[in-house]
Amino acid sequence: MTSDVVADEVRVCRLNDLLPERGSGALVGEHRIAVFRLADDRVLAVQQRDPYSGANVLSRGIVGDVGGAPTVTSPMFKQVWDLATGACLDPVGKEPVDLRTYPVRLVGDEVRVAVTP
Amino acid sequence: MHSEGTARTGPGRVVVVGGGMVAHRFAEQLAARTDAGEWHLTVIGEEPHLPYDRVHLSEVFAGRADADLALAPEVWADPRVDLVTGDPVVALDLAAQTVTTRTGRVEPYDALVLATGSRAWVPRTEGVDLPGVLCYRTLGDVTDLRTWVADRAAALGRPLRGAVVGGGVLGLEAAAALQTLDVAPTVVEFADRLMAVQLDAGGGEALRVLVTDLGMDVRTSAAATRVVAGEDGRVAGLELSTGETVPADVVVYSTGIRPRDGLARAAGLVVAERGGVVVGPACRTSDPAVWAIGECASYEGECAGLVAPGNAMADVVVDQLCGGVKGYSKAADGTKLKGVGVDAASFGDVLALAPGALEVTFADPVAKTYRKLVVSDDARVLLGGVFVGDIELYSALRPMLGRPLGADPSAFLAPQGGGAPVQTDVPDDVVLCSCSNVSAGTVRAAVTEHGCTSVAEVKTCTRAGTVCGSCVPLLTTVVNRTLEKAGIAVSSAMCEHFAMSRAELYALVRAEGLRTFTEVVAAHGTGRGCAVCRPVVASILSSLGIGHVLQPDQAPLQDTNDHLLANLQKDGTYSVVPRMPGGEVTPERLLVLAEVARDFGLFTRVTGAQRIAMFGARQDQLPAIWRRLVDAGFESGQAYGKSLRAVKTCVGQAWCRFGVQDSASMAVRLELRYRGLRSPHKFKVGVSGCARECAEARGKDVGVIATEKGWNVYVGGNGGFTPRHADLLAEDLDDDRLVQVVDRFLALYVRSADRLQRTAPWVAAYPGGLEELRRVVVEDSLGIGAELDAEVERHVSGYVDEWRATLDDPEKLRRFTPYLNDPDAADPDLAYVPQRGQARPARPGEHGHHDLRVARTLEEAPL
């Protein structure tokens, strides 16, 4: 591994494989992640596992915004997270648990997700 | 405010002994005083946790983390406050004005507040010291209970049986907690009924029926005479005074509490005969520098067993330390059962012991509810109430204790009344929220003087409704009425993106012909929407025939159920429920269902709506499962959407000796007519072939019951959280007229109901009531009948089967790929264990098998 590589980067899909404002699941090594394409074609990635139910379902949540920040709502118990930072914005009466986020890079029409060691 | 403006010296060094809910309240109130002068507070608790909400202890079993119970921790960050945990106070020195903790910490005080609470009391019975005999009072007890159950179940290799001694509120909570740990509980109560302190004989009996339905075994008029040990020296059973021995691998005692007054006693403070540090209305003890609050204090010979009086006492002492003159008086009592899964609540003179008191009772053994009001001899003043099975009236009436009811007591209890027509304005001095001791006047002032414009803001401002939550319905009524009187519109905003209700948005989208979410949000909203408004817009577009649920630009609006056309279950897999109109299925198709379920290993069960549901389908398996079902002639059952779920029916004239109309054919006709119709909430229809009502049609949103002359149609029935029988809308209709009336009723509901508002509350809130609804729907008084008919006709003619349409479209099939970059990988976290010949998701700690088909062939752990 050369010294300028700071993370394992994996090609996940092409941009057009993703529906705007909808999530998809992807496997990046051991990591199960949820990849979201926003209306402006920005792509963001967070962990797939819903910390409240333990099920791997976050890619199936509804995308939206809270005060302009892009969000996803868990389809299970409706907690809301900021997709860019992983911060839990509405824990629905539980203790807030943030999500792990993954850096995404668009190279041409390729969506690449990095897993920092 | 004092005009002289001189600074007081303040309370000085204050020490609170005890780190419970009342200590937290004390710290919070003191920190909130802006007129307090100089002070420093030290709170010393023996438990290792931050002060936590003991009232909601049982929620820990429902998955709430221990830390979630912590009471607002901000107060401990106040530089004037020190919190000591895990270090009990062992001695008070009243002369030197110091307290000493077990680790040797010596804390001097100017004012000392005892808030040591109470302990669980266990009678001296043989065997209570055996391993496996536990209490249910603290977080530590909860941890012990869980650990014991987990270890014992592992050691014995079977589910456990348990016994709870004491059938009071806490005992029932403990029994429910055991159930969540898969322990079958028996509740043993010395008195002749459950919750003997809070309920009368009728209420106790109603509660027994309800908890027995939940799977608890109940023995009343029975004392626990001995805890029996097994061969290994651990608890194995409980011997009762009836001679019976109940087998039990764990025994939980919940036989009452005793005030913890040991420190006070040792220091020489006066304690009451029945225990507790004696205090007067100032909550001051026999030493003028020492106060006692909460369950350790004895006021007028009694110790409080609830948090509300403790909080009131804390407020009183804070006020005095700040130079005030507040005194404590007993607040309205009242108890509500929580976390057990059945409702029971009471307040006031439950047994009608006051001279001349009258009891007005309504018991419905079918609905399993019991309601009683106790009133003065002239039937005017409310003295108490008992509610079991349905406690809606409890929060509305408890604040009226000791006041004129304002209406005939029976009007409150009558089943049709439902509390709606009789609603009196709550006087200002009535305590609305007794946990936080907030009066109706304070709530109104929050709106009129402090500018609150919503229930949420009033909660933050006054703290009303933030502890147990039972007053929230009444709080909402008072807040909304005050807002209306002040000329402030009660917000009907759906979310931050749309400042209007669903019905208003529906009318706008319809009038302006908007076709996409982007158009709708550009015209009437802000931002990119959320999980609240997006599905609402999708539903509106779908109901109007503008945007179908399968249209590509609708995909980002749909809830996962509508997106994947199946019902999300707890482990992330889906259930599949094919349509079976009228509940009929041919033997050939039944075989197909069986083969599909077998081949995919799906868990199969018959639903309450006479359909066959198959559980455990992975996202990626759904298309393959549908392909086989669709090929056999099945259609999407829409069991996933906010739409028609099913039409339940009896066999009717076709086979039944008593049927007077062909209910099954009518059910099939209605189900095929309304299949796929998106609406504000799911809705259900029932058709019965005679007045025997075997289809339970009156429990449905639309209920149709055959008569000799035709069909009667009922609307607004509901199962679920707030069960309700439907009301008669029209009588003796012929087939076509029936369909027309149902069309118009549903179209009107789709147009004008709120988001997630079911038909029962919609009908109840319809302006002008059921009479007006009848005029509009049956008599077409507004002249919109033809319009409503056309809306349903457009839906019927535009219907396509959603499963088939998905299978025919390769683009849509890509939604079902679980991992974009590895289409063949399935979710490796799924795990299943065998149960009764099938397989269900593994629970935490269970070792499951990844493959459903394999899991169902494994050997089941013995019972």
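Per-structure values
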| quantity | calculated |
| --- | --- |
| Residue in the range B:634-646 that is closer than 21 Å to B:Ala730 by Cβ and not in a strand (DSSP E or B) present | no |
| Of all residues making up the range B:362-381, the number that are in contact with a helix residue (DSSP H, G or I) (Cβ under 7 Å, 6 or more places away or on another chain), at pLDDT below 90 and over 17 Å from B:Val340 (Cβ atoms) | 3 |
| Answer residue from the range B:137-161, given it is β-branched (Val, Ile, Thr) and closer than 23 Å to B:Val307 by Cα and is surrounded by the fewest Cβ atoms within 10 Å (Cβ to Cβ) among those | B:Thr143 |
| Strands (runs of 3 or more DSSP E) enclosed by the range A:16-117 - at least 2 residues per element that are under 14 Å from the mean Cα position of the chain (by Cα), away from every other protein chain (no Cβ under 11 Å) and touching a residue at least 40 places away in the same chain (Cβ under 8 Å) | A:43-47, A:104-107, A:110-115 |
| Unique residue being within 14 Å of chain A (Cβ to nearest Cβ) and either of a type in the set (A, V, I, L, M) or more than 26 Å from A:Lys78 (Cα to Cα) (or both) when the list is B:Leu591, B:Leu622 | B:Leu622 |
| Matching strands (runs of 3 or more DSSP E) fully within the range B:106-225 where at least 1 residues are more than 28 Å from B:Gly63 (Cα to Cα) | B:106-108, B:111-114, B:217-219 |
| Checking B:Val596 against (1) surrounded by fewer than 21 Cβ atoms within 10 Å (Cβ to Cβ); (2) more than 14 Å from every other protein chain (Cβ to nearest Cβ); (3) assigned to a helix (DSSP H, G or I); (4) of a type in the set (A, V, I, L, M, F, W, C), the condition it does not meet | (1) |
| Every residue from the range B:818-839 that is surrounded by fewer than 19 Cβ atoms within 10 Å (Cβ to Cβ), facing chain A (nearest Cβ under 9 Å) and under 34 Å from the mean Cα position of the chain (by Cα) | B:Pro828, B:Asp829 |
| In the range B:52-71, the residues that are within 13 Å of chain A (Cβ to nearest Cβ) and out of contact with any strand residue (DSSP E or B) (no Cβ under 7 Å at 6 or more places or on another chain) | B:Asp53, B:His56, B:Glu59, B:Val60, B:Ala62, B:Gly63, B:Arg64, B:Ala65, B:Asp66, B:Ala67, B:Asp68 |
| One residue from B:Arg843, B:Arg815 being within 14 Å of chain A (Cβ to nearest Cβ), within 36 Å of the chain's Cα centre (by Cα) and surrounded by fewer than 13 Cβ atoms within 10 Å (Cβ to Cβ) | B:Arg843 |
| Residue satisfying all of: in the range B:522-538; of a type in the set (Gly, Ala, Ser) and in contact (Cβ under 8 Å) with a residue 12 or more places away in the chain; surrounded by the most Cβ atoms within 10 Å (Cβ to Cβ) among these | B:Gly529 |
| B:Gly166 over 25 Å from B:Gly845 (Cβ atoms) and surrounded by fewer than 24 Cβ atoms within 10 Å (Cβ to Cβ) | no |
| Matching option when the condition is farther than 16 Å from B:Gln757 by Cβ, without any contact (Cβ under 8 Å) to a residue 60 or more places away in the chain and not in a loop (DSSP other than H, G, I, E, B), among B:Glu519, B:Glu504 | B:Glu519 |
| Evaluation of B:Thr442 against (1) more than 29 Å from B:Tyr394 (Cβ to Cβ); (2) at pLDDT 85 or above (one fails), failing number | (1) |
| Members of the range B:226-258 found to be within 31 Å of the chain's Cα centre (by Cα), of a type in the set (Ser, Thr, Tyr) and assigned to a strand (DSSP E or B), listed by number | B:Tyr253 |
| Any hit, the range B:56-78, residues being surrounded by 17 or more Cβ atoms within 10 Å (Cβ to Cβ), within 23 Å of B:Gly262 (Cα to Cα) and not aromatic (Phe, Trp, Tyr) | no |
| Matching entry among B:Ala379, B:Ala352 (being among the small types (Gly, Ala, Ser), part of a loop (DSSP other than H, G, I, E, B), touching a strand residue (DSSP E or B) at 6+ places or on another chain (Cβ under 7 Å) and closer than 26 Å to B:Leu210 by Cα) | B:Ala352 |
| Only listed residue being over 31 Å from the mean Cα position of the chain (by Cα) and surrounded by 15 or more Cβ atoms within 10 Å (Cβ to Cβ), chosen from B:Leu475, B:Leu514, B:Leu483 | B:Leu514 |
| Residues satisfying the stated conditions in the range B:704-731, i.e. among the small types (Gly, Ala, Ser) and closer than 27 Å to B:Val342 by Cα | B:Gly716, B:Gly717, B:Gly719, B:Gly720, B:Ala726 |
| Boolean, B:Leu748 is surrounded by fewer than 18 Cβ atoms within 10 Å (Cβ to Cβ) and closer than 25 Å to B:Ala507 by Cα | no |
| Residues that are under 37 Å from the mean Cα position of the chain (by Cα) and of a type outside the set (Lys, Arg), drawn from the range B:259-276 | B:Pro259, B:Asp261, B:Gly275, B:Gly276 |
| Tally, over the range B:539-552, of residues that are surrounded by fewer than 17 Cβ atoms within 10 Å (Cβ to Cβ) and within 14 Å of chain A (Cβ to nearest Cβ) | 2 |
| Counted residues, the range B:178-195 - those being surrounded by fewer than 18 Cβ atoms within 10 Å (Cβ to Cβ) and either at pLDDT below 90 or within 22 Å of B:Gly384 (Cβ to Cβ) (or both) | 3 |
| Selection count, the range B:485-524, where residues are basic (Lys, Arg) and under 20 Å from B:Pro556 (Cβ atoms) | 2 |
| Any hit, the range B:699-716, residues being part of a helix (DSSP H, G or I) and at pLDDT 90 or above | yes |
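Conditions tested, residue by residue: (1) within 14 Å of chain A (Cβ to nearest Cβ); (2) of a type in the set (Gly, Ala, Ser); (3) touching a Leu at 6+ places or on another chain (Cβ under 8 Å).
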{"site": "B:Thr482", "(1), (2), (3)": "no, no, no"}
{"site": "B:Gly487", "(1), (2), (3)": "no, yes, no"}
{"site": "B:Ala507", "(1), (2), (3)": "no, yes, no"}
{"site": "B:Arg510", "(1), (2), (3)": "no, no, yes"}
{"site": "B:Leu514", "(1), (2), (3)": "no, no, yes"}
{"site": "B:Phe517", "(1), (2), (3)": "yes, no, yes"}
{"site": "B:Val521", "(1), (2), (3)": "yes, no, no"}
{"site": "B:Cys530", "(1), (2), (3)": "yes, no, no"}
{"site": "B:Cys533", "(1), (2), (3)": "yes, no, no"}
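The rows are residues; the columns are (1) more than 29 Å from A:Gly68 (Cβ to Cβ); (2) of a type in the set (A, V, I, L, M, F, W, C).
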site	(1), (2)
B:Arg444	yes, no
B:Ala489	no, yes
B:Ala493	no, yes
B:Met500	no, yes
B:Glu512	no, no
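To keep it simple, each residue is scored yes or no on (1) buried (at least 17 other Cβ atoms within 10 Å of the Cβ); (2) in contact (Cβ under 8 Å) with a residue 24 or more places away in the chain; (3) basic (Lys, Arg).
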| residue | (1), (2), (3) |
| --- | --- |
| B:Ala292 | yes, yes, no |
| B:Gly305 | yes, yes, no |
| B:Ala312 | yes, yes, no |
| B:Val325 | no, no, no |
| B:Leu353 | no, no, no |
| B:Arg371 | yes, yes, yes |
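The values are calculated or read from the model by the stated rules, or taken from the named source; none is laboratory data. Just so you know, these numbers come straight off a predicted model, no measurement behind them. Don't worry about glycine lacking a Cβ; one is built from the backbone with ideal geometry, like all the others, and counts go over all protein chains shown.
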